[in-house]
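*Asks:* Let me give you the structure first, and then I'll get to my questions.
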Amino acid sequence: MEYITFMHGKKDSSPTPQEWDQFLDVANASGLFRGGSAIGQRFTVGDKEVPDITDHVGGYMRFEADSPGELTELLKQHPTVVHGGTVEVCEAPKS
C-alpha cells in the first residue's frame, strides 16, 4: 500500500538539520521511503474558498509499506514526532 504523510507544524521544538539527515538515512535504508518535500507558497484554482493547509502542514513524504504497523515503527523516529509533533498518515490507493 502506498501512503502519503503530512508533517504538521505544531511541535514542542524544532528538529535540527542533522536530525533530518539521520531520519532520511534511516528512511532510505528501510526501503519504504518514496520521496517528499517541504511545502512552499500556495495558490488555488477554482471558485470556492478553502482553508490554507500551509498554515498547519509544513511538508509531506511518500512511503510504500506492506502494513500500517511497519510504517508506524519507522515514523516513531520521524523528527516531527520526536519533537512532540504529529505526522498524519493517509492511504494513497492505486486507481
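The values are calculated or read from the model by the stated rules, or taken from the named source; none is laboratory data. These numbers come from a predicted model, not from an experiment. Positions of Cβ are backbone-derived with ideal geometry, glycine not excepted, and every protein chain shown enters the neighbour counts.
*Asks:* Output yes when any residue across region 23-38 is of a type in the set (F, W, Y), part of a helix (DSSP H, G or I) and within 16 Å of T86 (Cα to Cα), and no when none is.
*Replies:* Checked region 23-38: at least one residue is of a type in the set (F, W, Y), part of a helix (DSSP H, G or I) and within 16 Å of T86 (Cα to Cα).
*Asks:* Between a residue in region 43-66 that is over 23 Å from A27 (Cα atoms) and without any contact (Cβ under 8 Å) to a residue 12 or more places away in the chain and any residue that is in a loop (DSSP other than H, G, I, E, B) and basic (K, R), which pairs come within a Cβ distance under 7 Å, given they are 6 or more apart or on different chains?
*Replies:* D52/R42
*Asks:* Additional query: Would you confirm whether or not region 19-31 contains a residue that is in contact with a helix residue (DSSP H, G or I) (Cβ under 7 Å, 6 or more places away or on another chain), of a type in the set (S, T, N, Q) and modelled with pLDDT of 95 or more?
*Replies:* yes
*Asks:* Please find, among T72, T80, the residue that is in contact with a Lys or Arg (Cβ under 7 Å, 6 or more places away or on another chain) and modelled with pLDDT of 95 or more.
*Replies:* Every option except T80 fails the conditions.
*Asks:* E73 is checked against (1) touching a residue at least 12 places away in the same chain (Cβ under 8 Å); (2) exposed (fewer than 15 other Cβ atoms within 10 Å of the Cβ) and fails just one. What number does that condition carry?
*Replies:* Failing condition for E73: (1).
*Asks:* If you go through region 1-22 one residue at a time, how many are closer than 18 Å to T80 by Cα, among the acidic types (D, E) and within 15 Å of the chain's Cα centre (by Cα)?
*Replies:* 2
*Asks:* Of a type in the set (S, T, Y) and farther than 18 Å from D25 by Cβ, is that true of T80?
*Replies:* In short, no.
*Asks:* Tell me which residues, restricted to region 53-66, are surrounded by fewer than 17 Cβ atoms within 10 Å (Cβ to Cβ), within 14 Å of F33 (Cα to Cα) and either of a type in the set (S, T, N, Q) or touching a Phe, Trp or Tyr at 6+ places or on another chain (Cβ under 8 Å) (or both).
*Replies:* Correct list: R62, E64.
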